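Colleague: Can you read through this structure? Questions will come right after.
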Amino acid sequence: MGLFKRKKSRQEKIMDTESNAAPEALDSNNEDSGDVLSSLGDMPITEHLIELRRHLIKICVAVLVIFLALVGFSRELYDFLSDPLVAQLPANSTMIATDITSNFMAPIRLTIFVAAFFAMPYILYQIWSFVAPGLYKKEKKVAIPVLMSSIFLFYAGVAFSYFIVLKGVLKFFIMFAPQNVLPMTDIDSYLSFALKLFMVFGLTFEIPVVTLLLILAGVVSIQSLEDKRRYIIVGCFAVAAVVTPPDGVSMLMLAIPMWLLFELGLFLAKILIKEERSLDAVDDIELKKE
């Protein structure tokens with residue numbers, strides 16, 4: 001899977017130079033470099049599915065183990081989640097359960113989400129283990145830091161939404177409640193609202209990774225993104241208006257980080273491409289000397 005397109009490395013250039021003098025050496029090198037991919041290509045689809053099932057089972061077991069370890073603290077987890085809302089409610093108001101099963105199911109749903117949240121590094125590791133055999137060494141060098149940064153950015157997005165965004169959004173909604181209405185939020189509704197907010201911000205914080213991958217894959221160029229920056233900023237506000245609750249606070253708190261994260265991905269891509277070009281220039285000089 002030749003995902004990342006760039007100039008040939010020094011080692012590849014040397015191999016091409018040597019191949020002009022010795023075609024037999026080129027054949028042997030091609031056979032060695034294609035061992036992994038040819039073996040993967042020869043694997044039937046059933047073996048791929050069996051391998052995929054093995055990784056999925058490991059993921060489910062990991063999530064289940066963490067869930068069983070946390071299920072005894074499910075009520076404490078929900079109390080932690082509901083603290084920002086309870087702090088904003090009037091003195092004589094409280095949360096309610098409109099369904100007989102809500103008192104049990106809402107904490108359990110939250111515990112499952114928390115278990116998957118804590119297991120995310122292991123989940124991504126299993127996905128990496130399934131995909132890695134089909135990648136070249138050059139692609140693996142890029143994929144590993146991308147994988148690590150994506151985990152960190154997802155956690156950062158969820159933390160940002162809980163500690164900063166959630167409190168401001170809840171304060172905005174409760175402040176504009178009519179005087180004759182006493183806010184009493186259903187625990188299921190609040191859980192769905194909070195989890196949606198967490199997922200939106202967690203995925204939004206992956207924008208630098210997505211931007212970097214699109215540039216390295218050759219799908220878009222840095223120049224084209226810079227030329228369309230004004231449209232991208234408008235798109236950030238449009239997406240934020242659609243996926244966030246209908247208030248200006250949450251829209252701004254999502255749109256502005258989206259824009260800044262896009263600029264971060266663009267900046268990192270410029271640094272990587274500049275380093276890539278400098279390495280290619282050094283390789284060319286060394287090849288001429290040889």
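The values are calculated or read from the model by the stated rules, or taken from the named source; none is laboratory data. As the structure is a prediction and not an experimental result, all values here were calculated from the model. Here the Cβ positions follow ideal geometry from the backbone for every residue, glycine too, while neighbour counts run over all protein chains shown. Please note that ligands, DNA and RNA were not included when accessible areas were found on the heavy atoms of the full protein model with its side chains. Shrake-Rupley method; radii C 1.70, N 1.55, O 1.52, S 1.80 Å.
Colleague: Cα gyration tensor of segment 116-160, axes a ≥ b ≥ c as square roots of the eigenvalues: rounded (a/c below 1.5), prolate (a/b > b/c) or oblate?
Modeller: oblate
Colleague: Here's a follow-up. Please work out whether segment 95-169 counts as rounded, prolate or oblate from its C-alpha gyration tensor, where a ≥ b ≥ c are the square roots of the eigenvalues and a/c under 1.5 means rounded, while otherwise a/b larger than b/c means prolate and anything else oblate?
Modeller: Because a/c hits 1.5 or more and a/b fails to exceed b/c, segment 95-169 counts as oblate.
Colleague: Moving to a separate point now. Can you give the extra length, in nm with one decimal, that the chain gains between residue 234 and residue 100 once fully stretched, where that is 0.36 nm per residue apart less the Cα-Cα distance?
Modeller: Numbers: separation 134, 0.36 × 134 = 48.24 nm, distance 4.44 nm.
Contour length minus Cα-Cα distance gives 43.8 nm.
Colleague: Another one. Can you give the accessible area of residue 76 in Å² (nearest 10), computed on protein heavy atoms with a 1.4 Å probe?
Modeller: Rounded to the nearest 10, the figure is 100 Å².
Colleague: Related question: Using the heavy atoms of the protein chains alone and a 1.4 angstrom probe, what is the accessible area of segment 168-247 per residue in square angstrom? Don't jump to the answer; show the numbers that get you there.
Modeller: Working: 4340 Å² over 80 residues.
Accessible area per residue: 54 Å².
Colleague: Still on this structure: Given points 7 Å out from each Cα along the Cα-Cβ axis, report the residue 249 to residue 46 separation in nanometres with one decimal.
Modeller: Distance between the two pseudo-spin positions: 5.9 nm.
Colleague: How much net charge surrounds residue 199 when only the other residues with a Cβ under 14 Å from the Cβ of residue 199 are counted, with Lys and Arg +1 and Asp and Glu -1?
Modeller: Details: positive: 109, 196; negative: 206.
Value of the local net charge: +1.
Colleague: Which value, in debye to the nearest 20, gives the size of the charge dipole of segment 39-115 about its Cα centre, when Lys and Arg are +1 and Asp and Glu are -1 at the Cβ?
Modeller: Charge dipole, segment 39-115, about its Cα centre: 100 debye, nearest 20.
Colleague: Once phi is turned into ³J(HN,Hα) by the Karplus curve 6.51 cos²θ - 1.76 cosθ + 1.60 with θ = phi - 60°, what whole-Hz value does each residue of segment 252-258 show in order, with x for glycine and proline?
Modeller: Couplings: 5, 5, 9, 5, 5, x, 4 Hz.
Colleague: Would you kindly find the accessible area of residue 185, with a 1.4 Å probe and non-protein molecules such as ligands, DNA and RNA excluded, rounding to the nearest 10 Å²?
Modeller: So the heavy atoms of residue 185 present about 40 Å² to solvent.
Colleague: Something else about it: Quick one: which of 167/228; 58/196; 228/274; 196/228; 141/274 span more than 23 angstrom between C-alpha atoms?
Modeller: Exceeds cut-off: 167/228; 58/196; 196/228.
Colleague: Quote the accessible area belonging to residue 109 in square angstrom, nearest 10, computed with a 1.4 Å probe and with ligands, DNA and RNA left uncounted.
Modeller: Rounded to the nearest 10, that gives 90 Å².
Colleague: At 20 °C and 1.002 mPa s, grab the translational diffusion coefficient of segment 134-250 from Stokes-Einstein with a Kirkwood Rh over Cα pairs, rounded to a whole number in µm² per second.
Modeller: The Stokes-Einstein estimate is 127 µm²/s.
Colleague: Report the FRET efficiency, 1/(1 + (r/R0)^6), for residue 222 and residue 148, where r is their Cβ-Cβ distance and R0 is 30 Å, rounded to 0.05.
Modeller: My answer for the efficiency is 0.80.
Colleague: Continuing with the same structure: Go through segment 147-164 residue by residue and turn each phi into a ³J(HN,Hα) via Karplus (6.51, -1.76, 1.60, θ = phi - 60°); whole Hz please, and just put x for glycine and proline.
Modeller: Result, rounded to whole Hz: 5, 5, 5, 5, 5, 4, 5, 5, 4, 5, x, 5, 5, 4, 5, 6, 7, 10.
Colleague: Which FRET efficiency value, to the nearest 0.05, do you get for residue 93 and residue 118 by plugging their Cβ-Cβ distance into 1/(1 + (r/R0)^6) with R0 = 45 Å? Each step should come with its number before you reach the end.
Modeller: On the way: r = 32 Å, r/R0 = 0.72.
With R0 = 45 Å, the Cβ-Cβ based efficiency is 0.90.
Colleague: Same structure, new question: What length, rounded to one decimal in nm, is gained on full extension from residue 172 through to residue 203, with 0.36 nm per residue of separation minus their alpha-carbon distance?
Modeller: 8.8 nm
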